[in-house]
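First comes the structure, then the notes that go with it.
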Amino acid sequence: MEASENLWIATAIALAVGIVVGIVLTQISRRVGGGNSSSSQAQLESLQLRFEEYQQEVAAHFKTTANLAGRLNRSYQDIQEHLTHGAIDLAPDDMTRQRLLAALEQDAPVTPGSRKQNEGAFDSLEPPRDYAPKDGGAPGTLSENYGIKRKL
C-alpha cells in the first residue's frame, strides 16, 4: 500500500508544481504581452487616423471634381448661347441663320428637355446579332453542313 500512497503523493505534488508554474508563466506573459498590446493599440489608432484622413481627402477630391464639372458645364452652356446669339445677329440671310442654328442644336449636349427630341434617332437601328446572317438558301452558321462542300 505504501507504493500506491507514494504514487498519489507524487501526483499531488506534480499537480501543485504544475499549477504554480502555470500561474507564474501566465503572469510573465501578461507583463510581456501588455507591452505588445499597448503598441498594437497605438498602431491601430494610427491606422484609424490615417484611414480617416484618407476618407477626408477622397471626399474633398470628389467635391472639387463636382465643382469643376459644374463650371465646365456652365461654360459650355455660355459658349452655346454665345454662338446662338452670334448666328442670329450675324447671319447675312434667313437661310444661313437656319442652317447655323440647326448645326448648333445638333451639337448641343443632351439635357433632360432635349432627350425627347433625340429619341427617334435610334429607332431605325437594330441590336447586334449573335450569329452571322445567311444568304438566301445557304445553310446557317449553326447548321451541321455549314462550310462542307459536296463532291459531285
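The values are calculated or read from the model by the stated rules, or taken from the named source; none is laboratory data. This structure is a prediction, so every number in the text was calculated from the model and none was measured. Cβ placement follows ideal geometry from the backbone for every residue including glycine, while neighbour counts extend to all protein chains displayed.
A few points about this structure:
- Test: residue in the stretch 57-67 that is within 31 Å of the chain's Cα centre (by Cα), modelled with pLDDT under 70, assigned to a helix (DSSP H, G or I) and hydrophobic (A, V, I, L, M, F, W, C): no
- Residues that are among the β-branched types (Val, Ile, Thr), part of a helix (DSSP H, G or I), out of contact with any helix residue (DSSP H, G or I) (no Cβ under 8 Å at 6 or more places or on another chain) and at pLDDT 90 or above are absent from the stretch 27-34 altogether.
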